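Notes follow the structure.
The values are calculated or read from the model by the stated rules, or taken from the named source; none is laboratory data. Note that the structure is a prediction, hence the values are computed from the model and not measured. Note that each Cβ is placed from the backbone with ideal geometry, even for glycine, and that neighbours are counted across all protein chains shown. These accessible areas exclude ligands, DNA and RNA; they are computed on the full protein's heavy atoms, side chains included. Shrake-Rupley method; radii C 1.70, N 1.55, O 1.52, S 1.80 Å.
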Amino acid sequence: QSGYKAIHSADSHAVVLLGGLSRCPNLDNGQAYDPYVFRSDLYSGGFGRFFDAVALHPYSAPDAPLTNDPGVNMFPDLPAFYSLMQSKGDGAKKIWVTEYGYPTRGTDSVTEQQQSDYLATAIQAIMGQSWAGPFFVYNWQDDSTQSFGLLRQDGSAKPALTVFEESPH
């Protein structure tokens, strides 16, 4: 609450995001909190007025973005997230995808062509919605430990780079 007010006092045009929610189980030990339950609880506590948009990380690897796998994939839940916002009077607020991508090596990896195809599907599915804010891809370039990049570790382009450059985001 005080952070929101301070940010808007310093810059009335700033957008305060409800930060980086992603799919996880709701654990009793407090180490994980289902993002839908978290948002519902925020509204119940009267905190809905202290954010301007919602930031989500709807990773779905290795599944395609529109695969209906509620244990892994948040994409099918995005309309429900927005419906909750509407029901609380926040229909004008946007959902920002602040991290999204697919690794091309390691755990839950996909081929480079699948990375490209899935990214195209995800961007098209999200950016066609009235509630969509910006769409950010994770990550620009692969490094020695992660391979989510639009570029390989050596700097050469993966097919997903063209999709990203040609898509609204």
Q. What fraction of the DSSP beta bridges in the stretch 47-169 is antiparallel, stated in percent and rounded to the nearest 5?
A. 10
Q.
Using a Cα-Cα cut-off of under 14 Å, which aspartates and glutamates could be cross-linked to LYS94, ignoring same-chain neighbours fewer than 8 residues away?
A. ASP52
Q: Enumerate the amide H contacts of GLY20 below 5 Å, restricted to partners 5 or more residues apart or on another chain; note that Pro and chain-start residues carry no placed amide H.
A: ALA55
Q) Using a Gaussian network for the chain with springs between C-alpha atoms less than 10 Å apart, which of these wobbles most: LEU17, LEU42, LEU84? A) LEU42
Q | Accessible-area composition of the chain, carbon plus sulfur, in percent [1.4 Å probe] | A | 51
Q | the stretch 41-58 versus the stretch 96-169: alpha-carbon centroid distance in Å | A | 26
Q) Placing +1 at every Lys and Arg Cβ and -1 at every Asp and Glu Cβ, with all other atoms neutral, what dipole size does the chain have around its Cα centre, in debye to the nearest 20? A) 540
Q. Can you give the net charge of the other residues whose Cβ lies under 13 Å from the Cβ of GLN114, counting K and R as +1 and D and E as -1?
A. -2
**Q.** Per-residue ³J(HN,Hα) for the stretch 153-168, Karplus 6.51 cos²θ - 1.76 cosθ + 1.60, θ = phi - 60°, Hz, x for Gly and Pro
**A.** 4, 7, x, 6, 6, 8, x, 5, 4, 4, 4, 5, 5, 9, 9, x
Q: Please give the FRET efficiency for TYR4 paired with GLN129, using the beta carbon to beta carbon distance and R0 = 30 Å, rounded to the nearest 0.05.
A: 0.75
Q: Report the FRET efficiency, 1/(1 + (r/R0)^6), for ARG105 and ASP34, where r is their Cβ-Cβ distance and R0 is 30 Å, rounded to 0.05.
A: 0.50
(Q) Taking 25 Å as R0, compute the FRET efficiency from the Cβ-Cβ separation of ASP143 and GLN113 and round it to 0.05. (A) 0.70
